[in-house]
Amino acid sequence: MSVDASQVHGAVQTLTQSSDTLFLLLGAIMVFLMHAGFAFLEVGTVRHKNQVNALVKILADFGISAIAYFFIGYWVAYGANFFADAQTLSQGNGYELVKFFFLLTFAAAIPAIVSGGIAERARFYPILIATFFTVGLVYPVFEGMIWNGNYGLQEWFEAQFGYGFHDFAGSVVVHGVGGWIALVAVIFLGMRKGRVRAGKHTNFAPSNIPFLALGAWILCVGWFGFNVMSAQTLNGISGLVAMNSLMAMVGGIVAALIAGKNDPGFIHNGPLAGLVAICAGSDLMHPIGALITGSIAGALFVYLFTYLQNKTKIDDVLGVWPLHGVCGAWGGIAAGIFGQSAMGGLGGVSLTVQVLGTLAGIAIAVIGAVIVYGAIDRLSGLRLSEEDEFNGADLAIHKISSTNED
């Protein structure tokens with residue numbers, strides 16, 4: 001019995017499409033799970049009277065992000081929309097739909113990052129409005145520039161320097177943008193009441209180290225979906241990405257352990273700093289370069305967070321600007337250093353372009369955030385009243401505490 005070549009080709013094509021769809025779906029689920037990590041990292045860090053708000057805020061942000069990205073953000077970034085019948089949308093085993101889900105989980109990381117910085121004193125609905133505009137407009141502008149070639153920025157880089165800006169899994173596109181947006185929001189909100197006493201800075205201790213640790217572990221595990229599955233197809237999967245993610249994570253742990261003097265908060269954020277930094281160049285670097293990149297990121301987080309909390313009026317509760325904003329920017333630049341063939345990397349990257357592209361991401365994030373948070377602050381205010389902040393966001397906003405104790 002003969003088999004028609006076209007039938008074989010069709011069967012192989014169907015199998016490839018369905019495999020890629022499943023691969024990306026698993027990646028989307030892993031990154032979606034990371035939002036639980038964001039939630040528990042915040043729950044464990046904030047005081048007891050703000051734990052419910054931390055949980056609700058992350059989930060509510062995801063819902064608003066999905067609406068904003070579905071109707072506006074995905075169209076801004078990729079010029080695609082979903083205004084077609086279901087049969088058309090589901091062609092190719094629905095790969096494009098799963099791709100949207102995967103990229104949505106990246107976009108929704110922006111408000112999840114911001115949430116940790118503005119914790120304990122932000123109003124609920126004004127922040128959700130800010131989420132809508134940052135996910136619907138600010139983030140997709142830079143996302144589209146880098147990952148879809150919008151506005152000619154990548155073409156200009158290639159024409160001037162021979163290479164485009166390289167950000168494989170979003171050190172700058174996701175984490176850097178999210179961290180710098182968070183910095184603007186934190187500055188608009190100001191310091192929490194009680195942080196300065198008798199002219200000296202006072203730090204509030206984490207309320208629940210086990211929850212903080214659980215959040216960090218969930219994020220670490222999910223990050224391998226964030227990085228490895230950024231290939232978006234089975235054909236593009238790379239063990240190098242997994243290895244580099246692992247080594248950067250380890251570098252972050254060890255650096256935070258040493259620089260943070262065995263502090264559990266630093267130790268559990270150290271691997272996250274390393275993972276943020278490796279996203280951009282995880283497909284290019286030698287594992288030793290990844291280890292160095294992660295180590296520098298872990299140390300950067302410890303020293304910058306300590307400085308911010310003890311020497312400035314920037315009250316970044318979870319340290320999301322040093323963790324995501326600064327370590328994300330470092331990751332973009334590190335790709336241009338350790339991605340070079342002379343440094344053991346695969347090459348095809350320019351340090352000049354990496355610096356310029358990173359600065360472009362920071363500029364768009366800051367300008368967009370100033371417009372969004374500035375407008376909302378003027379129109380409705382961003383901060384809880386002094387009484388509500390004293391009572392805690394759980395009772396003030398959600399009318400319930402995290403425990404049933406009197």
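The values are calculated or read from the model by the stated rules, or taken from the named source; none is laboratory data. Keep in mind that what you see is a predicted model, and the values were worked out from it rather than measured. Backbone-built Cβ (ideal geometry, glycine too); neighbour counts: all protein chains shown. The accessibility values were calculated without ligands, DNA or RNA, using every heavy atom of the protein model including side chains. Shrake-Rupley method; radii C 1.70, N 1.55, O 1.52, S 1.80 Å.
State the answer as a single residue: which of Ile364, Ile253, His175 lies farthest towards the positive end of the charge dipole of the chain, with beta carbon charges of +1 for Lys and Arg and -1 for Asp and Glu, about the Cα centre. Result: Ile253.
A DSSP coil position with no more than 12 other Cβ atoms inside 10 Å describes the following trypsin sites (Lys or Arg not before Pro) in region 230-319: Lys261, Lys313. Per residue, the average separation of C-alpha pairs within less than 8 Å and at least 6 apart gives the chain a relative contact order of 24 percent. Kindly identify region 227-377 as rounded, prolate or oblate by the Cα gyration tensor criterion: order the square roots of the eigenvalues as a ≥ b ≥ c, call it rounded if a/c is under 1.5, otherwise compare a/b with b/c, prolate if a/b is larger, else oblate. Here region 227-377 falls in the oblate category.
Full extension of the chain between Val196 and Asp263 gives 21.9 nm of extra length, using 0.36 nm per residue less the Cα-Cα distance. Extension gain, Thr88-Phe390: 0.36 nm per intervening residue step, less the Cα-Cα distance, totals 103.4 nm.
Put simply, the Cα atoms of region 1-128 extend 72, 28, 19 Å along their principal axes, the longest span coming first.
Build a GNM of the chain with springs between Cα atoms under 10 Å apart, and of Thr233, Thr352, Thr202 the one that fluctuates most is Thr202. Looking at the chain, the pairs of alpha carbons with a distance over 41 Å make up 14% of the total.
For the residues Tyr163, Tyr307, Tyr69, a GNM of the chain with alpha-carbon springs under 10 Å puts the largest fluctuation on Tyr307. Under a 1.4 Å probe, what is the accessible area of region 9-398 per residue, stated in Å²? Result: 39 Å² of accessible area for each residue.
Using a Cα distance threshold of under 17 Å, what count of lysine pairs results for region 9-398 when pairs must be 8 or more residues apart or interchain? Count of close lysine pairs: 6. Could you give the nm distance between label points at Met343 and Leu234, where each point is 7 Å from its Cα heading toward the beta carbon? The two pseudo-label positions are separated by 3.5 nm. Among Val370, Val320, Val177, the largest mean-square fluctuation in a Gaussian network model of the chain, built with springs joining Cα atoms closer than 10 Å, belongs to Val370. Charging the Cβ of each Asp and Glu at -1 and of each Lys and Arg at +1, and nothing else, the dipole of region 300-406 about its Cα centre rounds to 700 debye.
Projecting the Cα atoms of Ala80, Phe40, Gln13 onto the dipole axis of region 1-158, where Lys and Arg carry +1 and Asp and Glu carry -1 at the beta carbon, places Phe40 farthest toward the positive end.
Counting protein heavy atoms only, region 9-398 has 68 percent of its accessible area on carbon and sulfur, 1.4 angstrom probe.
Under unit Cβ charges (Lys, Arg +1; Asp, Glu -1), what dipole magnitude, rounded to 20 debye, does the chain have relative to its Cα centre?
It comes to approximately 1160 debye.
Only DSSP H runs of four or more residues enter the estimate; each adds -39500 (n - 2.57), and after division by the residues of the chain the mean residue ellipticity at 222 nm equals -21000 deg cm²/dmol.
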